[in-house]
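Report on one structure; see the data block that follows.
The values are calculated or read from the model by the stated rules, or taken from the named source; none is laboratory data. What you see is a predicted model; the values in this text were computed from it and never measured. All Cβ positions, glycine included, derive from the backbone under ideal geometry; neighbour counts span all protein chains shown. These accessible areas exclude ligands, DNA and RNA; they are computed on the full protein's heavy atoms, side chains included. Shrake-Rupley method; radii C 1.70, N 1.55, O 1.52, S 1.80 Å.
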There are 4 protein chains.
Amino acid sequence: MGGGGLRPTHLAGIPLGVAGEIVRAGQRMDRFGWVPATAGNISMRFGEPGSEGRIAITRSGVHKGFLAASDVIEVDFGGRPLIPGTRPSAETLLHCQILGAFPEARAVLHGHSVAGTVLSMIEPAEALYFEGYELFKAFAGQATHDARLALPLFPNDQDMARLAAVIAPHLAAMPLGYYIRGHGAYVWAATMDAALARLEALEFILECELNRRRLAPGRGSA
Amino acid sequence: MGGGGLRPTHLAGIPLGVAGEIVRAGQRMDRFGWVPATAGNISMRFGEPGSEGRIAITRSGVHKGFLAASDVIEVDFGGRPLIPGTRPSAETLLHCQILGAFPEARAVLHGHSVAGTVLSMIEPAEALYFEGYELFKAFAGQATHDARLALPLFPNDQDMARLAAVIAPHLAAMPLGYYIRGHGAYVWAATMDAALARLEALEFILECELNRRRLAPGRGSA
Amino acid sequence: MGGGGLRPTHLAGIPLGVAGEIVRAGQRMDRFGWVPATAGNISMRFGEPGSEGRIAITRSGVHKGFLAASDVIEVDFGGRPLIPGTRPSAETLLHCQILGAFPEARAVLHGHSVAGTVLSMIEPAEALYFEGYELFKAFAGQATHDARLALPLFPNDQDMARLAAVIAPHLAAMPLGYYIRGHGAYVWAATMDAALARLEALEFILECELNRRRLAPGRGSA
Amino acid sequence: MGGGGLRPTHLAGIPLGVAGEIVRAGQRMDRFGWVPATAGNISMRFGEPGSEGRIAITRSGVHKGFLAASDVIEVDFGGRPLIPGTRPSAETLLHCQILGAFPEARAVLHGHSVAGTVLSMIEPAEALYFEGYELFKAFAGQATHDARLALPLFPNDQDMARLAAVIAPHLAAMPLGYYIRGHGAYVWAATMDAALARLEALEFILECELNRRRLAPGRGSA
């Protein structure tokens, strides 16, 4: 919480506006309880429009609800920190994978929620399926509630390269983002506001789904 | 979240006080989680007392918890924006229908809640029925808890003209407002404060009802 | 929400500190969702120490989370407003009854919660019984968790004189306060801080009890 | 809530930074609802690095969400207040036990949650067992989600010396902290931020577990 003494400034090269958007996103996620302890991480692409650009991401081990601008560091597309000695979030490689695969994506959010954690741990199928939610329209390319959408579930793994390899073949067809079981959600969008909106929509749907299952405990989604 | 660069000012003709009430209502709804992503919308009648007046409504695609005054635009009673190029909320026509049908209504709120979304999706009857809540007294004309009140449920539809036509015959007898399945609530009142109070009362009752069903999973309300 | 134009000042005779404590209590209750719409009410005894004193209470029809000092008015022990034309909360008589019966009580809170509303509506017994909560120690005279305490439940009634008469014979033995079914809780204490602490403790216990019943739906408390 | 008149200043000897961290921790715990009424307590070790140091702890009977610096008092390792007449929290001895047993621990938090209270009251086994949560990594020495961790449950007791004696033999092997049934959690860490992170992680896991049991009511964790 709060400052915690002097920290080296890693902002070198990261525009203050980018760091500011990441800080604000962390505060918003904390407000919903999606970044408990030092969980969650947040990244943004920046740099020349049209180029692949550069990646700013939260560093490891800090509470995402109380970020300082200096908690945002730069990594390359392989997830390596540009300033030796700075340590990015554990799941940095997954952010890089998304930003590498989707040139139009500029913001990536990873958060934990109780509803998502629980559903992802109890669902035996390889995805959670949702049907008929108006909030589908918060996701790119969705113009109607009248659809059935899947949220892919991947087994948790502390080896990020291996996890990224498991996710890779599915990346192209994930209208809602994806979820790592017992761990958390990944969503992305062209702006930080749009990424936050998608995370809110996804978490709202997960909360609805959890409540629907409570009312019909045997109900699965597959 | 927040600003998001330069936006044209659409306030021409909308009193700042009206825009301010809409902005505050959005912040309050966000506090409760009823405007996830860019969901929900908010409108107010303004203009000469005694006349049909004019309609101010939130524009499309913005987060209702972080509205700027310039996110409030004017539409006519057919839901058409007065300033070409401004885009009102998708459900504008439903606001216009309510303000057209109830001359004493000056504020209309549309929000999404987890409890309402879930109940509206699982209830097979055409309405949710509630009985014995003290909070009934928050609704116009209700002087006692000792009543049984219906919240009509309408199937969701992306075609607003068609949806409005389905709702029209029921509008005259809706003490609590109405709900679109898997989508959200509509309430209205003579002031923004009164509309917010009704939405709070309705959502409280929906939350109670959801909990009652959790305790007796087979319980329906019809 | 917020001001709402000019209001007559009814503070005549009510110390600003007393009105301020009531305003703050309303904000705190709103933070927990216990004063939805215009529900809930708040009162304080003031005046000469040792005397029966005078009663300040919230007026009718305002949101208790957004009180102004001028929303606090004076009533006599029969619940009649001292300044003609001011209208106290509907349940004023219940506040007067408590302040009349307990000379050491100086603050009375009435709030609604989802957990309390639901439990009070579904419990067939005349009280909710709780056992083994550490939070019992927040209540006067309770030195241990190792007890079984009752929260009496009274049927809701819009006739306050009749409701007060039903409550009267039980007032002397209510360690936790009491609850009106489908309506809300009444707690009191020697200071506003202590009354708020009791309400928090009671609502925490009600929330626990609701969750325990969810896990064992057939579980009653009688 | 708030001040409450003149209070003697007990800060003599306690660095303002230490009191400030305790005050902020209380505000954060209140934000989550973990310090209802006057429940919960918070302590920190301070003084010469390398020495056993001294103990600052919240005094008894105040709301931990509204602490003033003067609500923080000093006790010795036997739990006795250094300034006669100041009264530390009831469970002070448990804080002293932890700070005595773990030289690297500098902050201890005790809070109540609905999920923890309920689970600790209904679980017949001597511990709650959790499996597969990414948030395990918030706890010292845990590098993976792929584990099964126990949260020991102890029967509540108003006799702190006796309770401390029951806990003592288990202290060395508690990766998540411990829980007193129907009462609350104890966690500790080398800094206040780390202790808060652990409490957040533990409560998140407890909330998940409560939800998992709701979906499968017969599910135990033993």
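Got at least one residue in region D:178-187 being under 11 Å from the mean Cα position of the chain (by Cα) and without any contact (Cβ under 8 Å) to a residue 60 or more places away in the chain? Taking every residue of region D:178-187 in turn, at least one turns out to be under 11 Å from the mean Cα position of the chain (by Cα) and without any contact (Cβ under 8 Å) to a residue 60 or more places away in the chain.
When the residues of region B:13-36 are filtered to those that are within 14 Å of chain A (Cβ to nearest Cβ), touching a Phe, Trp or Tyr at 6+ places or on another chain (Cβ under 9 Å) and in a loop (DSSP other than H, G, I, E, B), the one that is farthest from residue B:73 (Cα to Cα) is B:33. Applying the condition of being touching a Leu at 6+ places or on another chain (Cβ under 8 Å) and of a type in the set (S, T, N, Q) to region D:89-113 and asking which residue is surrounded by the most Cβ atoms within 10 Å (Cβ to Cβ) yields D:113. Within region B:116-131, the set of residues being in contact with a strand residue (DSSP E or B) (Cβ under 8 Å, 6 or more places away or on another chain) and either farther than 23 Å from residue C:114 by Cβ or not hydroxyl-bearing (Ser, Thr, Tyr) (or both) comprises B:116, B:119, B:123, B:125, B:126, B:127, B:128, B:130, B:131.
For region B:119-131, filtered to residues that are of a type in the set (D, E, K, R) and surrounded by fewer than 19 Cβ atoms within 10 Å (Cβ to Cβ), the residue that is farthest from the other protein chains (Cβ to nearest Cβ) is B:126. Only one of the numbered conditions (1) open to solvent by less than 20 Å² (accessible area, probe 1.4 Å); (2) within 14 Å of chain C (Cβ to nearest Cβ); (3) out of contact with any Phe, Trp or Tyr (no Cβ under 9 Å at 6 or more places or on another chain) is violated by residue D:207, and that is (1). Please go through region D:12-31 and pick out each residue that is surrounded by 17 or more Cβ atoms within 10 Å (Cβ to Cβ) and among the small types (Gly, Ala, Ser). Of everything in region D:12-31, those that are surrounded by 17 or more Cβ atoms within 10 Å (Cβ to Cβ) and among the small types (Gly, Ala, Ser) turn out to be D:19, D:25, D:26. Filtering region B:57-105 to residues that are of a type outside the set (Lys, Arg), outside any loop (DSSP other than H, G, I, E, B) and under 18 Å from residue A:200 (Cβ atoms) leaves B:58, B:65, B:66, B:71. Out of the residues in region C:90-118 meeting the condition of being within 14 Å of chain B (Cβ to nearest Cβ) and among the hydroxyl-bearing types (Ser, Thr, Tyr), tell me which one is nearest to residue C:153 (Cα to Cα). Within region C:90-118, the match that is nearest to residue C:153 (Cα to Cα) is C:117. Being out of contact with any strand residue (DSSP E or B) (no Cβ under 9 Å at 6 or more places or on another chain) and closer than 17 Å to residue C:200 by Cα holds for only one residue in C:164, C:138, and it is C:138.
Within the span defined as region D:132-139, every residue fails to be outside any helix (DSSP H, G or I) and more than 10 Å from every other protein chain (Cβ to nearest Cβ). Tallying residues that are away from chain C (no Cβ under 14 Å) and not in a loop (DSSP other than H, G, I, E, B) within region B:140-154 yields 5.
When each of C:157, C:193 is tested for being more than 28 Å from residue D:65 (Cβ to Cβ) and acidic (Asp, Glu), the lone residue that passes is C:157. When residue C:192 is tested against (1) at pLDDT 95 or above; (2) within 12 Å of chain D (Cβ to nearest Cβ); (3) over 30 Å from residue C:17 (Cβ atoms), just one condition goes unmet, and that condition is (3). Of the set (1) under 17 Å from the mean Cα position of the chain (by Cα); (2) at pLDDT 95 or above, all apply to residue D:76 but (1). If the condition is being at pLDDT 95 or above, in a helix (DSSP H, G or I) and within 15 Å of residue D:187 (Cα to Cα), then region D:165-176 contributes D:167, D:168, D:170, D:171.
Of the residues in region D:157-174, none is within 17 Å of the chain's Cα centre (by Cα), under 22 Å from residue A:117 (Cα atoms) and either open to solvent by 20 Å² or more (accessible area, probe 1.4 Å) or touching a residue at least 24 places away in the same chain (Cβ under 8 Å) (or both).
Would you check if there is a residue in region A:73-89 being closer than 14 Å to residue A:110 by Cβ and within 14 Å of chain D (Cβ to nearest Cβ)? Among the residues of region A:73-89, at least one is closer than 14 Å to residue A:110 by Cβ and within 14 Å of chain D (Cβ to nearest Cβ), which makes the answer yes. Comparison of B:116, B:141 shows that the only residue that is open to solvent by less than 10 Å² (accessible area, probe 1.4 Å), among the small types (Gly, Ala, Ser) and closer than 30 Å to residue C:91 by Cβ is B:116.
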